[in-house]
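What follows is a short report on a single structure.
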Amino acid sequence: MPQTDNIPFPLSTSPGVRSQESAGRIINGYVEPLGEDAPTRVVRRRAPGLLNFGTTARTGPRGAIEINGTLYFAFNGQLEKFTSAGRASVNVGALTGSVKGFFARNNAVTPDQVFVSPAGDIATFTSAAVTNGYPDADLPAVNSVTSIDGYFVFTTGSGKAYASDLNSTAVNPLSFGTAEAKPDGLLRAIAYGGVLFLFGAFTTEVWTDVGAIPFPFQRSTTIPRGLAGAYCVTAFEDYFSRALVWVGDDNCVYRLNGYTPEKISSPDLDGLIQAVADKSLLEMSVYMSRGHAFVLLSSSTWSWVFDLNTDKWAERNSYQMARSRITGGISAFNKWLCGDTLTGNVQEISSSAFDEVGSPFRARFESAPVLKFPVGERIGRADFNFVTGVGVAVGTRTMYVLGTAPGTLGVVRLTVPSTALVHEGDAVNVAGVLGTTEANGTRPIHVVDATHLELIGTTFVNAYVSGGTLTILSPQDPIETDPVVEISWSDDGGQTWASPLIRPLGKQSETNVLVSLVACTGRSSWNGRRWRLDISDPVYLGFMGAIQSTDAQVKGRIQ
């Protein structure tokens, strides 16, 4: 009799030490539960992509903070700022150093604003200038800063935490406390839930504001779990706070429950963390999308993402990179923004983006094996339950207009963040340009270079003032109009994979497309049959499960 089996695609990534151990992988995707009467219990979606928010001429993002409607972003040697409109940054001034650091502000009407890095770099800044160094010489060399109840709290490698005066940068040289549970120094101070967390190498101390003088904080408890590195703690950020998440001194990832650390990492991830000799190369950040609270942990060679909603892990990487290009997620202007390890630009993390600022963003789902140990079986067909008809007929991609100038034969030439998304002759709609109002409207374009395009049929008259958004009306053909999935399989435990077969996901509204492979994949081995799905085309993605059958004529039902 024909045998039909569900193909076991995972809910959480589990690559194994060797591929034969893998229980399946999720790369650049995540799992979301569906309603009670939906076709399946869960859907697998593409992870949120990246849109450009702002541009700079800088490199090496080092951290960010939003203060009273201004986003400050540190880079190698410089501090830049943005308004809610994004676009080109404005330089604030030279900022000493090149390593990532931490920002803080107090509660003064005109707040004091501070930047500190673990390398000892320290500066204060306003919207107009940076002052490197600290205004009070009583503050010794420090390695982190946070703010709580109007105080700045600085940490030192020797284990002392210094507090400023209330809503001031002044520091009483006696206003310090010492983390003494163990002689493990201090790596980071975090204000969370109304208390102060002082992270050492082996312990974490929790201090409470009791209004004491000269140091206003008193230790209330000690958590017997330290911090792997200065950048290894997150989930305290504004508009995110769920529970502190950090990489512990034992190479495991923890979530705080009350004052108890709960391990949330898998052995696969623990092994990756253990292999990173320099834990200062690990960094954690957060972002939200569709209500999911994501924690991103990256090294120089990998990135993993934890979904606090579902308690599931996925992997994330960027085009031609082993890790994600995202660094330092921050909520500002009702968006989740981040630095970009590939550029000096600031990007928006968005579920409406199906690529990363024009670069392909491939979602990959690998199954665990369908085992028929030790003999294998003939595979007559495999059917994959995708949301189909997801091609688009009209483009919706947008980008900011950064400026205008006279172009070839006097047409309007636009400066944009990148022309990677457009092609010669594409139709675009420009709206909201002030000054060069003749740029507004719908026209075909001529691509000049990587950041300039010209609006055919226009005449440049007025100087650019500000604003403007460009919408690309021509979809990318065929990757947007007629998208596909690449399906490959492995019968040797995932060591090698067959050349992928391509199946359509359906042009716009073609929802009757069935994604299947029939009588073309041969027989599985004792290792079982594993399946791999790759979706790079920048369209909506929803994958709800798959089945395989020994009979090419028999279609089963996904359980």
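The values are calculated or read from the model by the stated rules, or taken from the named source; none is laboratory data. Keep in mind it's a predicted model, so treat the numbers as computed, not measured. Cβ coordinates were reconstructed from backbone atoms using ideal geometry, including for glycine residues, and neighbour counts include every protein chain displayed.
Against the conditions (1) surrounded by fewer than 22 Cβ atoms within 10 Å (Cβ to Cβ); (2) part of a loop (DSSP other than H, G, I, E, B), Ser331 satisfies every one except (2).
So in the stretch 383-408, with the set limited to residues that are out of contact with any strand residue (DSSP E or B) (no Cβ under 9 Å at 6 or more places or on another chain) and aliphatic (A, V, I, L, M), which one is nearest to Ala546 (Cα to Cα)? Among residues in the stretch 383-408 that are out of contact with any strand residue (DSSP E or B) (no Cβ under 9 Å at 6 or more places or on another chain) and aliphatic (A, V, I, L, M), the one nearest to Ala546 (Cα to Cα) is Val392. Residue by residue through the stretch 339-382, note down the ones that are in contact with a strand residue (DSSP E or B) (Cβ under 6 Å, 6 or more places away or on another chain) and without any contact (Cβ under 8 Å) to a residue 60 or more places away in the chain. Within the stretch 339-382, none qualify. I'm checking my understanding of the structure. Among residues of the stretch 461-496 that are at positive phi and assigned by TED's automatic domain parsing to the domain that holds Tyr540, which one is surrounded by the fewest Cβ atoms within 10 Å (Cβ to Cβ)? Out of the qualifying residues, it is Gly493. Which residues, counting only those in the stretch 103-141, are more than 17 Å from Gly63 (Cα to Cα) and either in a strand (DSSP E or B) or among the aliphatic types (A, V, I, L, M) (or both)? Correct list: Ala108, Val109, Ala128, Ala129, Thr131, Ala137, Leu139, Ala141.
Where strands (runs of 3 or more DSSP E) fall wholly inside the stretch 509-554, the ranges with 2 or more residues that are of a type in the set (Gly, Ala, Ser) are 542-549. Going through (1) within 30 Å of Pro500 (Cα to Cα); (2) outside any loop (DSSP other than H, G, I, E, B); (3) aromatic (Phe, Trp, Tyr) one by one, Phe361 falls short only on (2).
If you go through the stretch 473-499 and keep only what is farther than 21 Å from Arg45 by Cβ and touching an Asp or Glu at 6+ places or on another chain (Cβ under 6 Å), you end up with just Ser474. I'd like to know if the stretch 163-176 contains one or more residues that are among the small types (Gly, Ala, Ser), within 26 Å of the chain's Cα centre (by Cα) and either part of a loop (DSSP other than H, G, I, E, B) or in the same structural domain as His292 (by TED's automatic domain parsing) (or both). No, the stretch 163-176 contains no residue that is among the small types (Gly, Ala, Ser), within 26 Å of the chain's Cα centre (by Cα) and either part of a loop (DSSP other than H, G, I, E, B) or in the same structural domain as His292 (by TED's automatic domain parsing) (or both). The residue that is surrounded by the fewest Cβ atoms within 10 Å (Cβ to Cβ), among those in the stretch 234-255 that are of a type in the set (S, T, N, Q) and not in a strand (DSSP E or B), is Ser241.
Residue count for the stretch 439-455 satisfying the condition of being more than 13 Å from Pro406 (Cα to Cα) and assigned to a strand (DSSP E or B): 8.
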